[in-house]
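A.B. asks: Shown below is the structure under consideration.
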Ligand SMILES: Nc1ncnc2c1ncn2[C@@H]1O[C@H](COP(=O)(O)OP(=O)(O)OP(=O)(O)O)[C@@H](O)[C@H]1O
């Protein structure tokens, strides 16, 4: 069954399931050795660990961009190792929204054009976005407004390169959320912000994830964020390749 035909999953199907996964970058020592990890639908999970502990690599594995040396990773009940490259691409674009570390916004596009981008690669997300709004533009504007970028038409006309880091982060969040993907993955998107802005952004993100029924996987080295999440996974503790004691 192609991933675009993945049926709606009940809450009992884990959004992510990893078993016996090992991963090393070519020519390097083992980076990840995870016996078991399961993330249920609706969880708000913080994956914490110091710089270099493998957080971004783990996200690459979960999105099927990297392949494990051993073990099995399932996303929405689909073992990634059973899918070809094109099927993994479909699974990713249809069901996963990303907020990247550096946001990866396209500077020559407007805010709204950046936000609707995932719907150009995923018919499913386009359909879902149009299910709740009269047009993709209207849905993009709704998300931008909910994430605190409404109010000023001047702002919407600016190139994204002229936005502050906090504003770019909100555009990146709206882009990840459009079309209500089941899984939202955020790779340390708040590290450039002060503590108040970080918490404000996270609360908006949580509200939007809840509205879209999206499970949130948020990666950070920042311990102060822990109380905000429903579950905290300490990567060095989970990881047999680099247990806590061996990482400075
Ligand atoms: N593209 C790559 N090619 C080769 N090795 C890499 C690559 N990306 C990461 N690594 C290696 O994997 C290790 C873990 O990197 P990773 O980015 O997964 O950690 P991280 O916990 O996300 O770090 P940070 O918090 O600094 O972003 C790095 O020390 C590096 O040696």
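A.B. asks: Scanning for something within 16 Å of the ligand (Cβ to nearest atom) and crowded, with 22+ Cβ neighbours inside 10 Å, does region 115-125 turn up at least one residue?
C.D. replies: no
A.B. asks: Would you check which residues across region 97-114 are surrounded by 14 or more Cβ atoms within 10 Å (Cβ to Cβ) and under 20 Å from residue 187 (Cβ atoms) and list them?
C.D. replies: Within region 97-114, 97, 98, 99, 100, 101, 103, 105, 114 qualify.
A.B. asks: If you don't mind, another one. Taking region 172-181 as the region of interest, how many residues are surrounded by fewer than 24 Cβ atoms within 10 Å (Cβ to Cβ) and on the phi < 0 side of the Ramachandran plot?
C.D. replies: Total meeting the criteria: 0.
A.B. asks: For region 58-87, enumerate the residues that are free of Cβ contacts under 8 Å to residues at least 24 places away in the same chain and either within 14 Å of the chain's Cα centre (by Cα) or under 19 Å from residue 43 (Cα atoms) (or both).
C.D. replies: Of everything in region 58-87, just one residue is free of Cβ contacts under 8 Å to residues at least 24 places away in the same chain and either within 14 Å of the chain's Cα centre (by Cα) or under 19 Å from residue 43 (Cα atoms) (or both), namely 60.
A.B. asks: To continue, here is another question. Can you give me the number of residues within region 161-192 that are in a loop (DSSP other than H, G, I, E, B) and either in contact with a strand residue (DSSP E or B) (Cβ under 8 Å, 6 or more places away or on another chain) or away from the ligand (no atom under 16 Å from the Cβ) (or both)?
C.D. replies: So the answer is 11.
A.B. asks: Consider residue 94 carefully, then state whether it is buried (at least 20 other Cβ atoms within 10 Å of the Cβ) and either within 28 Å of residue 67 (Cβ to Cβ) or touching a helix residue (DSSP H, G or I) at 6+ places or on another chain (Cβ under 9 Å) (or both).
C.D. replies: Here the answer is yes, as residue 94 does meet what is asked.
A.B. asks: Let me confirm something: among 126, 158, which residue is at pLDDT below 85 and farther than 18 Å from residue 204 by Cβ?
C.D. replies: Answer to the check: 158.
The values are calculated or read from the model by the stated rules, or taken from the named source; none is laboratory data. Predicted model only: the values in this text are computed from it and were never measured. Using ideal geometry, Cβ is built from the backbone for each residue, glycine included, and neighbour counts are taken over all protein chains shown.
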